[in-house]
Amino acid sequence: FEGWSSFDDENIVVLGMDAGGGNTDTIIILSIENGNTSIIQVPRDSYIDSRSFGPMKANALHARGGPDAVKTELTRLMGRPINRHRLVNLEGIRTISGLLGGLEVDVPKRLYYRDKSQGLLIDLQPGRQVLKGRELEGLLRWRHDGQGDLGRLDRQQLVLKSLFNKLIQPQHLIRLPALITAAGRNLETDLGPMEIGKLITSMSTTQLETSQLPSRPFYSNGISYLDTQWPDTDSSLGINASKSSSRTFKTQF
């Protein structure tokens, strides 16, 4: 693994696909720089005025123009080159968490929701527990407490920290080729297997820093959006924000 120990100067957008397979349920920007692994969560309901497609929510970009459209718009809005991508669907999340033996998460409160039309049941008790498969998927998807997308971002942070703590353990680093192969049909990326190995191995020597782009809800033409403050650049609604204004949490590996 020593030859995989450097993965600087790359910004990767990780997209979690929704049940329909077109829009993106999760948008994360991942980068490694100066001994830090940085994960920035982009609210999926962020309003953007796309130069190619006009006004829309950020989560519709992939459906309209694929990964290249997402990378182009995020490069403009984030003020940094977003040059690589990785897509994962819900089955991929279930597969990866199962192969890792589940993820330990402190569920913040009682989460219950049933949608018979989707065959969806989310039924989680509060407290620290190991989640995998559909239980983990339920934690990521639940948004029925009035906080909507913003509450989901907080729960995603819990899962992300647990996932990366698990992936960088030596026993899982050794299994990376098998993990990638098993989850392969549920992943789509322009990173090769060796690059994925290099990325995760590099992360094992860094601090993890996760943050959310600040945002506030608003309505336009009867549609609910989030006015998101983009770092180092004007937002689509003309609001400036610095990186320091995002909510940041650090974990030492």
Can you tell me which of 105, 159, 130 moves the most in a GNM of the chain? Springs connect C-alpha atoms under 10 Å apart. 130
Let me have the relative contact order for the stretch 46-131, percent, based on Cα pairs under 8 Å that are six or more residues apart. 17 percent
Which whole-number percentage describes the relative contact order of the chain, with Cα contacts under 8 Å and a sequence gap of 6 or more? 23 percent
In Å², rounded to a whole number, the accessible area per residue of the chain with probe 1.4 Å is 47 Å²
Computing the accessible area with a 1.4 Å probe over protein heavy atoms, can you report the carbon and sulfur percentage for the chain? 49 percent
What distance in nm lies between label points placed 7 Å from Cα along the C-beta direction at residue 221 and residue 51? 2.2 nm
Value at 222 nm in deg cm²/dmol, rounded to 500, when DSSP H runs of n ≥ 4 in the chain each add -39,500 (n - 2.57): -10000 deg cm²/dmol
What residues have an amide H closer than 5 Å to that of residue 50, excluding those fewer than 5 places away on the same chain, when H is modeled at 1.01 Å from N in the peptide plane? 56
If each K or R counts +1 and each D or E counts -1, the residues other than residue 129 whose Cβ falls under 9 Å of its Cβ total -2
Take the cross-link list 57/161; 71/116; 116/166; 161/198 and give me the ones stretching past 28 Å between alpha-carbons. 71/116; 116/166
Please report, largest first and rounded to whole Å, the three semi-axes of the ellipsoid equivalent to the stretch 48-120, where each semi-axis is the square root of five times an eigenvalue of the C-alpha gyration tensor. 31, 18, 14
Amide H contacts under 5 Å for residue 175, placed H, 5+ residues apart: none
Accessible-area ranking of 95, 228, largest first, probe 1.4 Å: 95, 228
Take the alpha carbon atoms of the stretch 1-138, find their radius of gyration, then divide it by 2.2 N^0.38 Å using N residues; give the quotient. 1.20
Would you kindly calculate the mean projected area, averaged across all directions, of the convex hull enclosing the Cα atoms of the chain, in square nanometres? 13.3 nm²
Would you mind calculating the gained length between residue 114 and residue 185 on full extension (0.36 nm times residue separation, minus the Cα-Cα distance), in nm to one decimal? 22.7 nm
Solvent exposure ordering (accessible area, 1.4 Å, most first) of 190, 227, 9, 123: 9, 123, 190, 227
Any chance you could run the full-extension gain for residue 169 through residue 121? It's 0.36 nm times the residue separation minus the Cα-Cα distance, nm to one decimal. 14.1 nm
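The values are calculated or read from the model by the stated rules, or taken from the named source; none is laboratory data. Owing to the predicted nature of the structure, the values given are computational and were not obtained by experimental measurement. Neighbour counts run over all protein chains shown; Cβ positions are idealised from the backbone, glycine included. For the accessible areas, the whole protein counts, side chains as well, though only heavy atoms, and no ligand, DNA or RNA atoms are used. Shrake-Rupley method; radii C 1.70, N 1.55, O 1.52, S 1.80 Å.
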